[in-house]
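Single-structure report; data block below.
The values are calculated or read from the model by the stated rules, or taken from the named source; none is laboratory data. Keep in mind that what you see is a predicted model, and the values were worked out from it rather than measured. Neighbour counts are summed over all protein chains in view; Cβ atoms, including those assigned to glycine, are modelled from backbone coordinates with ideal geometry.
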């Protein structure tokens, strides 16, 4: 029985190296953090960051669809 490395088990499952996975996760964290900050500001100043959250969520959705090999839905 092969001993699994807890640091590489999930990245390997995702078909990434540890460093690739770290970079990908940090990119997602950064995009999510900017989305949270913009949404918080938008709550008090609705004229700021009007489309930022929607655009970021759409971008993240497209990233995951591409990673999973699915094509995003066609919008009309």
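Values for this structure:
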{"quantity": "When residues of the range 1-48 are limited to those that are over 27 Å from residue 68 (Cα atoms) and part of a loop (DSSP other than H, G, I, E, B), the one modelled with the lowest pLDDT", "calculated": "1"}
{"quantity": "Among (1) modelled with pLDDT under 95; (2) surrounded by 10 or more Cβ atoms within 10 Å (Cβ to Cβ); (3) part of a loop (DSSP other than H, G, I, E, B) - the single one residue 63 does not satisfy", "calculated": "(3)"}
